[in-house]
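So the structure is just underneath, and the comments pick up after that.
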Amino acid sequence: MSINQASRVLSALSIAVAIFLVAIVLPRMIFESGPARLATTQGLELILSLVAIAVLGKGKFSEYGFCLPKGGYQWMLIAATAPLLGIAATIAVLGLGGSGSPVAKSLTFPQIVLFVWILSSTIEEVFTRGFLQGHLAPLSGRYLEFPLFKIEIPVLVSAVFFSAMHLVLAFSGADAVTTVVTLLFTFAIGLIAGHLRSLTGSLIPAIVVHMLANIGGMIGGILYAVFCMLTGRPLPGV
């Protein structure tokens with residue numbers, strides 16, 4: 001990676017970190033309740049991401065993924081793996097003795113549908129695959145090569161940042177198992193979403209992947225609870 005390329009990555013990450021910190025810290029200074037904090041965090045993240053795209057991207061939103069997917073519907077086959085990852089991640093957390101996300105557990109089912117499945121899936125993709133990966137578009141076609149595979153730099157950077165965002169779990173009372181599995185799970189989802197964003201030029205497949213992964217996470221919890229009831233094992237958290 002050249003100096004100019006590294007500089008672009010660092011500048012994009014610096015702006016992304018600033019957006020994330022403002023979106024996380026400011027609501028905690030204003031609100032006491034979890035849902036109010038979560039809604040404000042999501043609102044700030046969306047607004048600041050759109051402002052960054054408007055200013056740094058000179059309003060060329062289509063170049064940041066605000067367009068329909070190109071190349072047909074083959075991306076749906078890849079997206080179909082997302083709920084399986086979500087199911088596997090939740091079963092891994094519970095099976096290894098983790099208790100799950102404290103934030104998610106504090107929400108009602110309608111709140112989970114709104115804040116996690118819909119808003120989080122959309123806004124976090126606008127932020128990470130829209131602004132961050134979109135800002136790194138000049139590096140598209142450049143890869144970091146590993147022994148058995150290679151990953152496009154914008155995809156890898158957005159996936160790593162997306163995963164790192166979930167370190168906030170450690171400061172929200174989540175146990176180590178939940179935090180570590182979530183970091184690995186979100187990194188994998190980030191790679192899939194980033195690849196589809198690069199492949200189709202659109203945020204839509206990335207949002208779909210994110211949403212299916214979150215839904216799969218709840219399905220995994222239900223499956224694990226059924227397994228516990230059938231085998232006589234104690235339910236997680238009971």
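The values are calculated or read from the model by the stated rules, or taken from the named source; none is laboratory data. Just so we're clear, the structure is a prediction, and the values are computed from it rather than from any experiment. When we count neighbours, we look across all protein chains shown, and the Cβ atoms used for this are built from the backbone with ideal geometry, even at glycine. SASA here: full protein model, heavy atoms, side chains in, ligands and nucleic acids out. Shrake-Rupley method; radii C 1.70, N 1.55, O 1.52, S 1.80 Å.
General observations
- Restricting Val226, Val181 to those that are within 14 Å of the chain's Cα centre (by Cα) and β-branched (Val, Ile, Thr) reduces the list to Val181.
- Only one of the listed residues (Gly72, Gly97, Gly86, Gly34) is of a type outside the set (A, V, I, L, M, F, W, C) and over 23 Å from Gly221 (Cα atoms). That residue is Gly72.
- Verdict on Ser7 being polar (S, T, N, Q) and either open to solvent by 70 Å² or more (accessible area, probe 1.4 Å) or not in a helix (DSSP H, G or I) (or both): no
- Residue selected from region 151-178 under the condition hydroxyl-bearing (Ser, Thr, Tyr) and either within 10 Å of the chain's Cα centre (by Cα) or modelled with pLDDT under 95 (or both), by the criterion farthest from Leu94 (Cα to Cα): Ser158
- So Thr200, is it of a type outside the set (D, E, K, R), at pLDDT 95 or above and over 28 Å from Ser62 (Cα atoms): no
- Residues in region 167-185 that are crowded, with 21+ Cβ neighbours inside 10 Å and either free of Cβ contacts under 8 Å to residues at least 24 places away in the same chain or of a type in the set (Ser, Thr, Tyr) (or both): Thr178, Thr182.
- Selection status of Gly71, more than 30 Å from Cys228 (Cα to Cα) and either under 16 Å from the mean Cα position of the chain (by Cα) or at pLDDT below 95 (or both): yes
- Scan region 186-214 for residues that are open to solvent by less than 40 Å² (accessible area, probe 1.4 Å) and in a helix (DSSP H, G or I) and the total you get is 17.
- Scanning region 36-79 for residues that are part of a helix (DSSP H, G or I), open to solvent by 50 Å² or more (accessible area, probe 1.4 Å) and more than 16 Å from Ala193 (Cβ to Cβ) yields Arg37, Leu46, Ile47, Leu48, Leu50, Val51, Val55, Leu56, Phe61, Ser62, Glu63.
- Residues within region 219-234 that are out of contact with any helix residue (DSSP H, G or I) (no Cβ under 7 Å at 6 or more places or on another chain) and touching a residue at least 40 places away in the same chain (Cβ under 8 Å), tallied: 0
- Residues located in region 86-123, provided they are open to solvent by less than 30 Å² (accessible area, probe 1.4 Å) and within 30 Å of Ala12 (Cα to Cα): Gly86, Ala89, Phe115, Ser120, Ser121, Ile123
- Where a residue in region 49-75 is closer than 12 Å to Gly134 by Cα and its partner, wherever it lies, is aliphatic (A, V, I, L, M) and in a helix (DSSP H, G or I), with Cβ under 7 Å and at least six apart: Ser49/Ile19; Ser49/Val126; Ala52/Ile15; Ala52/Ile19; Phe61/Ile53; Glu63/Ala137; Tyr64/Ile53
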